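The values are calculated or read from the model by the stated rules, or taken from the named source; none is laboratory data. Computed from a predicted structure; not experimentally measured. All Cβ positions, glycine included, derive from the backbone under ideal geometry; neighbour counts span all protein chains shown.
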Amino acid sequence: MTTLTTFSNCRVCKDGELVDESFVVNSETGLLLKRGTYTGGEIIDLGEAIVAPGFIEIQTNGMLGFHFSNFNNADQYRNDLSKVQRYLPSTGVTSFYPTLSTVPGELYSKILPHLAERDTTPSTSSDGASILGAHVEGPFLQPTRHGAHDPAQFKTPVAPVSAASVYGEGLDAVKLATLAPELPGADSLITDLRRANVRVALGHSSATYDQGIHALRLGATGLTHVFNCMNPLHHRAPGLAGLMTVPDGVNSLNAPFFGFIADGVHLHSAAATMAFRANPQRAILVTDSTELAGVPDGTYSGNPWLPKSQTKIGIRVVIEGTDTLIGSCSTMDECVKNLVNWSGCSLANAVRCATQNPADFMGLSDRGRIEEGLRADFTVLSDSGEILQTWIAGHKVWEKEQ
């Protein structure tokens with residue numbers, strides 16, 4: 001059986017542009033090869049379809065009835081997580097950072113080891129999307145900007161409280177942490193997390209613009225679901241949202257990356273367009289999905305850390321009887337299509353916000369682009385952005401039914 005496959009008659013998303021280009025995949029190594037260097041093997045004609053790198057999700061709280069903060073026992077947790085991994089390729093996602101919202105301290109050491117980085121390989125491609133490590137959204141958040149989190153579980157990072165004391169042995173699994181930079185002790189927390197090679201994003205915060213600038217100088221590099229759970233953008237007090245306009249390399253600052261939820265519920269289409277246009281090379285699409293993503297509409301009981309019932313109508317989920325949003329039920333492919341329709345950008349530019357930009361934010365050099373030597377994680381799209389096929393480590397793991 002040949003291990004080389006040439007994909008021809010396709011347009012490849014590269015740096016926000018569509019390029020007419022063939023590429024070669026080695027299914028044994030799961031890597032992309034340089035076109036023209038190899039002969040033989042299978043040839044797949046993609047019929048002028050669009051090829052995008054596999055989508056990378058940096059903020060999802062769960063789906064299919066499973067919330068990543070809900071831990072009953074290790075076996076059930078592993079099984080539920082596996083279902084999510086197998087489901088995500090149908091939305092174009094090939095890698096993700098499971099997001100753990102604020103939970104009681106003793107649960108971090110139980111849950112986080114299950115979210116440790118483990119890549120899908122050619123021999124395990126049927127397992128679905130790779131887990132790249134955990135995104136911890138809490139407990140170092142601003143109580144006045146708690147959103148759907150339980151503020152009773154929040155902590156202030158003042159000694160003896162620290163990232164190590166809260167996350168315990170699970171700290172090794174953490175790759176991204178969201179925190180409020182105005183909290184007492186936040187400066188040391190940012191420094192400690194960066195020393196542990198954890199990316200820091202600012203969110204669930206009432207911080208001013210200047211406090212945000214200070215956090216960037218300390219090593220923070222991102223904003224979590226910009227506009228949501230932070231001070232509103234105001235022309236005299238821009239808050240954290242104003243950091244989207246920081247130019248790269250000016251005043252010894254790097255422009256931060258910023259996640260935004262292009263679902264039409266968390267953000268109006270004009271706000272999502274504003275975020276994208278502020279810096280298309282730093283904008284990152286996120287779903288912020290909850291356990292109700294992928295389940296029928298209705299009212300459901302909460303999870304242990306959100307004891308109130310939740311009502312789902314379409315992609316909108318709120319605490320029953322209120323307008324308090326609880327994450328989203330959008331999928332990444334829907335967010336990509338929304339951004340195209342709302343902003344007028346090209347599909348390739350929207351794809352960049354779900355691939356290259358999150359890879360750059362998280363320092364991933366092995367994925368996020370269609371280039372020689374990188375992982376053969378990619379999705380095949382129609383001109384309208386519909387997912388037709390998804391490939392992980394050089395193997396097709398999902399295809400739309402004809």
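Quick notes on this structure:
- Scanning the range 281-302 for residues that are in contact with a Ser or Thr (Cβ under 9 Å, 6 or more places away or on another chain) and surrounded by fewer than 21 Cβ atoms within 10 Å (Cβ to Cβ) returns 294, 297, 298, 299, 300, 301, 302.
- Per-region count, the range 195-223, residues surrounded by fewer than 24 Cβ atoms within 10 Å (Cβ to Cβ) and over 21 Å from the mean Cα position of the chain (by Cα): 10
- Residue 355 being modelled with pLDDT of 95 or more and surrounded by 17 or more Cβ atoms within 10 Å (Cβ to Cβ): yes
- In the range 169-189, the residues that are of a type in the set (D, E, K, R) reach residues that are part of a strand (DSSP E or B) and surrounded by fewer than 24 Cβ atoms within 10 Å (Cβ to Cβ) with C-beta atoms within less than 8 angstrom, at least six apart or across chains, in these pairs: 175/199.
- Condition check for residue 130: within 24 Å of residue 327 (Cα to Cα), out of contact with any Lys or Arg (no Cβ under 9 Å at 6 or more places or on another chain) and polar (S, T, N, Q): no
- Some residue of the range 323-339 being assigned to a strand (DSSP E or B) and over 16 Å from the mean Cα position of the chain (by Cα): yes
- Count of residues meeting criterion [in contact with a strand residue (DSSP E or B) (Cβ under 8 Å, 6 or more places away or on another chain) and farther than 18 Å from residue 237 by Cβ] in the range 181-196: 6
The rows are residues; the columns are (1) out of contact with any Cys (no Cβ under 8 Å at 6 or more places or on another chain); (2) modelled with pLDDT under 95; (3) not in a loop (DSSP other than H, G, I, E, B).
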site: 2; (1), (2), (3): yes, yes, no
site: 6; (1), (2), (3): yes, yes, yes
site: 36; (1), (2), (3): yes, yes, no
site: 72; (1), (2), (3): yes, yes, no
site: 75; (1), (2), (3): yes, no, yes
site: 78; (1), (2), (3): yes, no, yes
site: 82; (1), (2), (3): yes, no, yes
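- When the range 233-253 is limited to residues that are at pLDDT below 95 and surrounded by fewer than 14 Cβ atoms within 10 Å (Cβ to Cβ), the one that is farthest from the chain's Cα centre (by Cα) turns out to be 251.
- Qualifying residue in the range 118-126 (condition: out of contact with any Ser or Thr (no Cβ under 8 Å at 6 or more places or on another chain) and within 30 Å of residue 309 (Cα to Cα)): no
- Going through (1) over 18 Å from residue 329 (Cα atoms); (2) without any contact (Cβ under 8 Å) to a residue 40 or more places away in the chain; (3) in contact with a Ser or Thr (Cβ under 7 Å, 6 or more places away or on another chain) one by one, residue 98 falls short only on (1).
- Test: residue in the range 262-271 that is in contact with a helix residue (DSSP H, G or I) (Cβ under 6 Å, 6 or more places away or on another chain) and either within 19 Å of residue 214 (Cβ to Cβ) or not basic (Lys, Arg) (or both): yes
Matching residues to (1) surrounded by fewer than 22 Cβ atoms within 10 Å (Cβ to Cβ); (2) of a type outside the set (Gly, Ala, Ser); (3) without any contact (Cβ under 8 Å) to a residue 40 or more places away in the chain; (4) in contact with a Lys or Arg (Cβ under 8 Å, 6 or more places away or on another chain):
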position: 321; (1), (2), (3), (4): yes, no, yes, no
position: 329; (1), (2), (3), (4): no, yes, no, yes
position: 336; (1), (2), (3), (4): no, yes, no, no
position: 366; (1), (2), (3), (4): yes, yes, yes, yes
position: 373; (1), (2), (3), (4): yes, no, no, no
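- Residues of the range 40-84 that are on the phi > 0 side of the Ramachandran plot and either surrounded by fewer than 13 Cβ atoms within 10 Å (Cβ to Cβ) or out of contact with any strand residue (DSSP E or B) (no Cβ under 6 Å at 6 or more places or on another chain) (or both): 40, 47, 48, 62, 64, 65.
- Residue 60 being in the same structural domain as residue 288 (by TED's automatic domain parsing), of a type in the set (S, T, N, Q), under 30 Å from residue 154 (Cβ atoms) and at pLDDT below 95: no
- Looking at 183, 233, 176, 193, just one residue is assigned to a helix (DSSP H, G or I) and among the hydrophobic types (A, V, I, L, M, F, W, C), and that residue is 193.
- Of everything listed in (1) buried (at least 22 other Cβ atoms within 10 Å of the Cβ); (2) of a type outside the set (S, T, N, Q); (3) at pLDDT below 95; (4) not in a loop (DSSP other than H, G, I, E, B), the single unmet condition for residue 152 is (1).
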